[in-house]
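Since the structure comes first, as structure tokens, the remarks are kept for the end.
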Amino acid sequence: MFPQSIDLASITLGAMVLGTMPIHAATVISDDFSVWTNVDGTEETFTSSTDPIFSQQTIQYNGNHEGLTRGAASAMQFSDLGDGQFSYEAGNVSSAPTRPPGWPATDSSNGPFGGADTNIVDSEIFENPETEDKIRAGSLTTFTVTFELGIGEVKQANLWLNYTIEIANGNQNTAAVEWSLSNEFQTLGISNRDARSVEGVETVDTGILSEVLDEPGTYTLTLSADIPYQDFNNANKTALATLDAVYFEVVNIPEPSTSYLLALTSACLLFRKRRAI
């Protein structure tokens, strides 16, 4: 909106008065992704910035059931857009990234590029006196991008996310997807958590979410697919959360159109005339 341009002018003028010209760059400090799984207190954690990663653990129950807790992730594609601007993308807004071994096949949208699930299925009869009627398990996939803005710098962050959450057989276990953009002091507006425990499957398109960034300092984007650590009963059930596609960019604030500026100028002139009457 136009008031953002006014803020930009004020910030620029303030920087000049202080003798410090604003810099015109958003600088990426780091980007990485991690996968965590846990079955009854046994944890596995993997972190990478380039290579696909995958974690898988087996759950075993009395009653001839077993299943997998697993998480997977592959890198987002970075693009330098010039003039201190950048973007990250994965899934159906770019070519399909390489999948870790054992992860579900890609669909028509070329996703997922990351996800977590706990899938309990029927198994052959086995004998293990240590198995239980229910067991605690969970998995988590997290992506982070950290970047800095300098004094006097104003940018706009745009995020688009496509994800799927599935709860099968009414087991009321929870699966969640979360996205968060924060600076050193607060969580910003384009942040949310979608957690579900009711049977069903839905793919969600968030549309473009935007936030003006006008404070110097460090910012962090976090995306996660989460199966919280919880009890899973001895039955055929699935909890699934996948990040199917993402696009994130930090860019210059679009200039207002000429027609918009002319309309605003006319409105200001009309307001002055009315005050003069």
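The simple Förster model, with R0 at 25 Å and r as the Cβ-Cβ distance, assigns Glu202 and Ser30 a FRET efficiency of 0.15.
Out of the total accessible area of segment 131-249 (probe 1.4 Å, heavy atoms of protein only), what percent is carbon and sulfur? Carbon plus sulfur share of accessible area: 43 percent.
Restriction of the GluC sites (Glu not before Pro) in segment 131-222 to DSSP coil positions whose beta-carbon has at most 16 other beta-carbons within 10 angstrom yields Glu184, Glu199.
The values are calculated or read from the model by the stated rules, or taken from the named source; none is laboratory data. Here the structure is a predicted model, which means the values were calculated and not measured. All Cβ positions, even for glycine, are placed from backbone atoms using ideal geometry, and neighbour counts span all protein chains on display. These accessible areas exclude ligands, DNA and RNA; they are computed on the full protein's heavy atoms, side chains included. Shrake-Rupley method; radii C 1.70, N 1.55, O 1.52, S 1.80 Å.
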